[in-house]
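Throughout, read-outs are computed from the coordinates displayed, never taken from laboratory work. The shown structure was predicted, so the numbers you read here are calculated from the model rather than taken from an experiment. We place every Cβ from the backbone using ideal geometry, glycine too, and count neighbours over all the protein chains shown.
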Amino acid sequence: MDGKLRGIMAAPVTAFKADGRVDFETFERQINFLIESGFPFIAHPMHIGESPNLTVRERKELVSSLVRAAGGRVPVFVNVSMPGTDNMLDLARHSEFAGASGMVVLSPYHWEPEAEAHLDHFLTLGKSVDMKMVAYNNPRRVQVGIPHDMLGEMIEKLPNLAALKDASFDMNYFTGACRVASAVRTNFSVFTGIEWLLTSIPVGGSGSFSNCGEVAPRLIQSLFDACMKGDYETARPLQFKVGILLKLLQTNYPATVKYAMELMGRPVGETRKPVLPLNQEAKEHTRETLESLGVLESEPRGW
C-alpha cells in the first residue's frame, strides 16, 4: 500500500438537544453508524457539521467525542478552520493530543491573504503538528483559492500534507490539481468537496467528502465502487441520482440534511441559527424527493 487516502470521507452533522446543547450521545451513535456503513474515514466539523456555529470549547469537546466513538476503527480528521492562524493552531494541537489522525485546513476566513501570507498560513499549521493535513480549497466561501503553483509548493514542503479537498466546483481547477499532485508526489490525494465522482475519479480524483452519506450511504458507496472499477455504465445513472440528492440537500443547508436523517429514523435535532428548520412545504418536498429516488426503501433505517 502507498498510504494514499482513497474513498468517501464521511462528514457528520452535529447533533443538538432540544435546548440547543450539543448531544454527544447521539453524535457518537452517528459516528458508529457511519463506520458500520463502510466509510473509511471521518472529518468533523465541516460546514455540514455547523462549524461556524460552534464555540471553541464545543469544538474541542467534539474532538474528544469523535476520537472516542471511532475507537481507532477508522482515521478521524478534525476541521480546525477559523479566521486566525494561531486559533487554528491551538485547535490543531488539541486535536493531535486528543488522538485525531489528521486535520482539515481552510484558507483563513475574512482576510483574503496575499500569496505570501496565504502560503505561510498552511506551512505554519503543517509544520507545527505531525498528524496528516488536508488542505481545503473553497474560494466561494473565503474569496481566495489555492493556486496550482502554491499547491505544488505545499506538497513539496509539507510531508504530512496528504490531500486536497477541492470545493471550487471547477473541473479546470480540479484537473490541474490532479496534474500537479501526480507530478510532485504520487500518493497525494485530491478529493472533490461533494460526491461528483463520475467526473472526478477518471482524471485522478481519489474520492470525495460526503454530503449524502448520512442519508444514503449505500448509494454513495455503490457510485464510488463503480467509478473506481471504471464501470461507467453502472456509475452514470447512480451519479444522476446522487446529483438530484445533492441539489435537495444543499437547499437550506444543513437543515435539509438533518430533516432527511430524521425521515431515515436517525434524528439529530435542529440546526442552530441563522439556519432555520424546514417549513412544511420544504419538508414535503424532501420526503417526496427521497421517495422518488427510492432512498426511503433502499437505504438503512435507524441507527
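Annotations for the structure displayed:
- When region 7-230 is described by a simple charge dipole with +1 on each Lys and Arg Cβ and -1 on each Asp and Glu Cβ, the residue from CYS227, SER81, ALA98 located farthest towards its positive end is CYS227.
- For the chain, Kirkwood radius (reciprocal of mean inverse C-alpha pair distance, Å): 19.4 Å
- Cα-based Rg of region 2-99 normalised by 2.2 N^0.38 Å, two decimals: 1.04
- Cα-projected label distance for GLU288 with ASP231, points at 7 Å along beta-carbon direction, nm: 3.4 nm
- Here the alpha carbons of region 180-303 define both size measures, Rg and Dmax, at 15.9, 51 Å.
- Taking label positions 7 Å along the Cα-Cβ direction at both ASP90 and GLU61, the computed distance is 1.7 nm, reported to one decimal.
- The value obtained for region 161-218, namely the Cα convex hull volume divided by the number of residues, is 83 Å³ per residue.
- Over region 172-281, Cα pairs under 8 Å with separation of 6+ residues give a relative contact order of 18 percent.
- Cross-link reach list, aspartates and glutamates versus LYS17, counting only Cα pairs under 13 Å and skipping chain neighbours closer than eight places: GLU25, GLU270
- Estimated [θ] at 222 nm from DSSP helical runs (n ≥ 4, -39500 (n - 2.57)) normalised by residues in the chain, nearest 500: -14500 deg cm²/dmol
- Modelled FRET efficiency - R0 45 Å, ASP149 with GLN280, Cβ distances, 0.05 increments: 0.35
- Relative contact order, percent, region 7-230 [alpha-carbon distance under 8 Å, six or more residues apart]: 17 percent
- Relative intensity, log₁₀ I(q)/I(0), of region 242-303 from a Debye sum that treats every alpha carbon as a point, q = 0.15, 0.24, 0.27, 0.28 Å⁻¹: -0.41, -1.04, -1.27, -1.34
- Our compactness index for region 39-96, the C-alpha radius of gyration over the empirical 2.2 N^0.38 Å, is 1.07.
- Charge dipole magnitude, Cβ of K and R +1, D and E -1 - the chain, Cα centre, debye nearest 20: 360 debye
- Normalised by residue number, the volume inside the convex hull of the Cα atoms of region 16-62 is 82 Å³ per residue.
- Hydrodynamic radius (Kirkwood) for region 12-164, which is based on Cα pairs only, to one decimal in Å: 15.8 Å
- Simple spin-label estimate for ALA115 and LYS127 gives 1.9 nm between the two label positions (7 Å along the Cα-to-Cβ direction from each Cα).
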